[in-house]
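Here, each number is a calculation from the coordinates, and none is a lab measurement. This structure is a prediction, so every number in the text was calculated from the model and none was measured. Virtual Cβ from ideal backbone geometry, glycine too; neighbours counted across all protein chains shown.
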Amino acid sequence: MPQIKSAIKRVKTQAANRERNAAQVSALRTTVKKFKVAAAAGADNKQDLYKEAARAIDMAANKGLIHKNKAGRDKSRLSALLTK
């Protein structure tokens, strides 16, 4: 554990950021998984779920949770599932 006051504050900040990032990445994965399940089942609302998943991917890329290239790759794969 750090002794310097600013280092102690930094540890607290890092812990809060780590929890928030983990929650946001988990939410991203959940939305993507919902779409994949709907696409595999041939559900009627898969278009809406695709829009939601693509939006979540874009937001995660803008926040720096995932790399922009990964965001593009994931969206491309989801759109391929949508057209099947």
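Sequentially through region 17-23, phi angles give Karplus couplings (6.51, -1.76, 1.60; θ = phi - 60°) of 5, 5, 5, 5, 5, 4, 5 Hz, Gly and Pro residues having no value and appearing as x. Residues of region 45-82 with an amide N closer than 19 Å to a point placed 7 Å from the Cα of residue 14 along the Cα-to-Cβ direction: 65. Residues in region 10-36 near a label at residue 69, defined as backbone nitrogen under 14 Å from the 7 Å Cα→Cβ point? Flagged as within label range: none. Taking amide H as placed 1.01 Å from N in the peptide plane, the amide H of residue 66 sits under 5 Å from that of 61, each at least 5 places away or on another chain. What you get for the chain, charging only the Cβ of Lys and Arg (+1) and of Asp and Glu (-1), is a dipole of about 380 debye around the Cα centre.
Here is how the number arises for the chain: DSSP H runs of 4 or more residues each give -39500 (n - 2.57), the sum is divided by the residue count, and the result at 222 nm is -30000 deg cm²/dmol. Between residue 6 and residue 22, the distance separating the two model label sites (each 7 Å from Cα on the Cα→Cβ line) works out to 2.8 nm.
Under a Gaussian network description of the chain, with springs only between Cα atoms under 10 Å, the residue in 47, 14, 24 that fluctuates furthest is 14.
Backbone phi angles across region 44-53, fed through the Karplus curve with coefficients 6.51, -1.76 and 1.60 (θ = phi - 60°), yield HN-Hα couplings of 6, 8, 5, 5, 5, 5, 5, 4, 5, 5 Hz in residue order; Gly and Pro are listed as x.
Binning the C-alpha pair distances of the chain at 10 Å intervals from 0 yields a P(r) profile of 17, 38, 22, 13, 7, 2 %, listed from the shortest bin outward.
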